[in-house]
2 protein chains.
Amino acid sequence: MNLPRIAIDAMGGDHGVRVMIEGAALARREHDRFKFLLVGDEERIKRALDNHPNMRGASEILHAPEEVTGDEKPTQALRRARKTSMGMAIDAVKKGEAGAAVSGGNTGALMAMAKLSLRTMPGIDRPALAALLPTLGDTDMVMLDLGANTDCDARNLVQFAIMGAAYSRIATGLAEPRVRLLNIGTEEFKGTEVLREASEKLRAADQRLALSFGGFIEADKINRGEVDVVVTDGFSGNIALKAVEGAARFVADLLKSAFQSSLRSKIGFLVSRPATELLKHHLDPNNHNGAVFLGLNGIVVKSHGSANAKGVANAVAVTARLLEEDLIDRISADLARGTDTAPAGQAA
Amino acid sequence: MNLPRIAIDAMGGDHGVRVMIEGAALARREHDRFKFLLVGDEERIKRALDNHPNMRGASEILHAPEEVTGDEKPTQALRRARKTSMGMAIDAVKKGEAGAAVSGGNTGALMAMAKLSLRTMPGIDRPALAALLPTLGDTDMVMLDLGANTDCDARNLVQFAIMGAAYSRIATGLAEPRVRLLNIGTEEFKGTEVLREASEKLRAADQRLALSFGGFIEADKINRGEVDVVVTDGFSGNIALKAVEGAARFVADLLKSAFQSSLRSKIGFLVSRPATELLKHHLDPNNHNGAVFLGLNGIVVKSHGSANAKGVANAVAVTARLLEEDLIDRISADLARGTDTAPAGQAA
């Protein structure tokens, strides 16, 4: 299959152009069918490309005079979207000049621009940000929404479940991913009215959808390998994801200082190195980089601002996978199966 | 000072009477001024006491014919509160027969019974569940609410901040604990309207209160030692706390399997044992057991359902500390300083 090229917002991300280009080049070293539209300051992109001969013939530059800053308000960034590398990368997807866009910039601005330019898919009220996260099981799990929507209603959550399951099927190959709603208890009466309503709707639609709904799940159980899709509003999802990241770093820091606490421990550390390296590899967020905005008429992937080149390459690989597997068509087909999920205004 | 006795709900907790009594006895071995009112099935308590001669003369039994089950709805448990070990332990606090109550039972039922029997303090609209959690800094931090209130308004959050700071001052000795609101970003425009309003109120009252308000904090930063009190609604607080617990267990499990992955790693594990034991001790939730319901006219402490005897002893020690330091008087005094926090109905 002929893979459409991927637009890269070369200016987004904490480490600037150099790391974005290095990441794209790294991804291309593993999959030489990847082609890129590099959007940003032409001079700086050209200079960064000098170090990567494998990008020659595989990339085109689209000059953007401005860039979105990390602390800019989304509403403010929207006003000058057309001149920014982020806005122009998304616009290239809209015009069909690229198949998908990847950015490491301001998440709120990316969401706002992507929504305005690409619009939500028929059947979806609001897009959601989804990521693949590691578990103790054999496959990764999908979690969404991770911060696109602070408040959600039951209908939003049902749509997130359908989109998350489509993503999980692509990522894991499972026919009916196990879906749960994040809550503060598993009993049916626990949590908010919105969660109870979403649970009822999903239970009722379960037979029609390509997923297996298992009710509520608590935040300490999400990475045990017992669930493939964790559905939540963007506030709780963001809190849970960051709490997990912080706790993992906390334990790693404690382990480090424990290993430095005595000579015996230092020797033990040296002997155990292969084990701790394995752990480090497993926990490195760069190996799980690339969160997807689901529910838009186009694929937009958010790379973590602090991602290194390996992380950017991972985000590019995720993007290519979603293009190859026709994520958007799959979501459309799944939405057609769950009749309760028509957007407000259409028949309910 | 003469420490008032502590009422123990001997029937609560996953491991039953034996562990609750063993925990009380363990606490008393370290502090022989502790005295107890043991509430529950008289025969079973007597049998459990046979193994703990140090409890003789330091404990009285109050027979309770019934007990609250773990999956019981709070409203259901409330109806038979007077006959249950949980309800009778709380009632003993109300009647002045005990200074505080400790239970390892159903959190929702404990909250409902404590609220109905002890009532909220003047100046507090809703009580909150608070816990001390480990950080990378020198002192523990207080986090609240951890699940008592699914929805909160700005006024609730301000009151939680004042109560949490009072608890932090007792636990850490700091004159002005650093207080932050949990949010999905640190910029002022981030999060919900409720959070933005609470932030403004706290910023305005900061000078009058014995705390230092620092705005918002994200969930990945809470355990870095940069904050002493993390304030949030009960839904997000519960999600964050459980996500941290789950992630810590996740990393520990990965580390274990990494250490078993080769002979070299196994040897490394044996050599590193002192380091990993140190980590294990630091992460053992029993060492941080004992969450407090703040804002009631009496002290009620929740011990984790799965706590072992060491965990129960820790919850008892937390309870004694709060009694000795007059937590409730301190909160009253702090509330009087923050005039914006009068309960609905009084002058705003």
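Miscellaneous remarks
- Taking each DSSP H run with n ≥ 4 as -39500 (n - 2.57) and averaging over every residue of chain A yields -14500 deg cm²/dmol at 222 nm.
- You can think of it this way: the chain between B:Ala333 and B:Ala204 has 44.6 nm of extra reach, that is 0.36 nm per residue less the Cα-Cα gap.
- With K and R counted +1 and D and E -1, the other residues having a Cβ less than 15 Å from that of A:His52 yield a net charge of +4.
- For the stretch B:133-139, backbone phi angles converted through the Karplus equation (6.51, -1.76, 1.60; θ = phi - 60°) give residue-by-residue couplings of 10, x, 9, 7, x, 7, 10 Hz, Gly and Pro being listed as x.
- Whole-number D in µm²/s for the protein assembly as shown (Stokes-Einstein; Kirkwood sum over Cα pairs; 10 °C, 1.306 mPa s): 59
- Proximal charge balance of B:Ala320 [Cβ under 15 Å; K/R count +1, D/E count -1]: +1
- For chain B, the square roots of the Cα gyration tensor eigenvalues, ordered a ≥ b ≥ c, give a/c of at least 1.5 with a/b no greater than b/c, which places it in the oblate category.
- Comparing B:Ala204, B:Ala247, B:Ala92 in a Gaussian network model of chain B where C-alpha atoms under 10 Å apart are linked, the largest mean-square fluctuation is found at B:Ala247.
- Sequence-distant residues sharing a close amide H with A:Ser306 (under 5 Å, placed H): A:Asp14
- For the stretch B:134-217, taking the reciprocal of the average inverse distance between every pair of different Cα atoms yields a Kirkwood hydrodynamic radius of 13.2 Å.
- Candidates B:Thr84, B:Thr135, B:Thr150, ranked by Gaussian network fluctuation over chain B, Cα under 10 Å, top entry: B:Thr150
- Protection proxy ranking, highest mean first, for peptides B:297-307, A:293-303, A:53-63: A:293-303, B:297-307, A:53-63, where packing is the per-residue count of other beta-carbon atoms within 10 Å, averaged.
- The residue among A:Met11, A:Gly57, A:Ser261 whose Cα reaches farthest toward the positive pole of the charge dipole of chain A, with charges on the beta-carbon of Lys, Arg, Asp and Glu, is A:Gly57.
- Relative intensity, log₁₀ I(q)/I(0), of the stretch B:75-151 from a Debye sum that treats every alpha carbon as a point, q = 0.13, 0.22 Å⁻¹: -0.47, -1.07
- With the label put 7 angstrom out from Cα along the Cα-to-Cβ vector, A:Glu324 ends up 6.4 nm from the copy partners, going from closest to farthest.
- Listed residues B:Leu323, B:Leu270, B:Leu182, most fluctuating in chain B (Gaussian network, C-alpha, under 10 Å): B:Leu270
- Estimated FRET transfer efficiency when R0 is 56 angstrom, pair B:Lys73-B:Glu176 (beta carbons, to 0.05): 0.85
- For the stretch A:125-294, pairs of C-alpha atoms spaced more than 28 angstrom apart make up 28 percent of the total.
- For the stretch B:5-156, the convex hull drawn through the C-alpha positions has a volume of 147 cubic angstrom per residue.
- Distance between modelled label sites at B:Glu197 and B:Lys95, nm, 7 Å Cα→Cβ extension: 4.2
- Position A:Arg80, label points 7 Å along Cα→Cβ, spacing to each other copy in nm (shortest first, one decimal): 6.8
- Shape of the stretch A:234-294, Cα gyration tensor, a/c cut at 1.5: oblate
- Whole-percent pair-distance distribution, where bins are 10 Å wide, for the alpha carbons of the stretch A:1-59: 25, 60, 15, 1
- Sorting B:112-119, B:309-316 by their mean Cβ neighbour count within 10 Å, with the most densely packed peptide first, gives B:309-316, B:112-119.
- The stretch A:211-348: translational diffusion in µm²/s, Stokes-Einstein, Kirkwood Rh over Cα pairs, 20 °C, 1.002 mPa s: 115
- If R0 equals 51 Å, the separation of the Cβ atoms of A:Lys83 and B:Arg264 corresponds to a calculated FRET efficiency of about 0.35.
- In the protein assembly as shown, the DSSP beta bridges split such that about 30 percent are antiparallel, to the nearest 5.
- Label geometry 7 Å along the beta-carbon vector: A:Arg208 inter-copy distances in nm: 5.5
- Sites A:Arg33 and A:His281 - FRET efficiency at Förster radius 35 Å, r taken between beta-carbons, to 0.05: 0.85
Read-outs: derived from the displayed coordinates by stated rules, not from any lab. In this text, all values refer to a predicted model and were calculated from it rather than measured experimentally. FYI the Cβ positions are ideal-geometry reconstructions off the backbone, even for glycines, and counts take in every protein chain you see.
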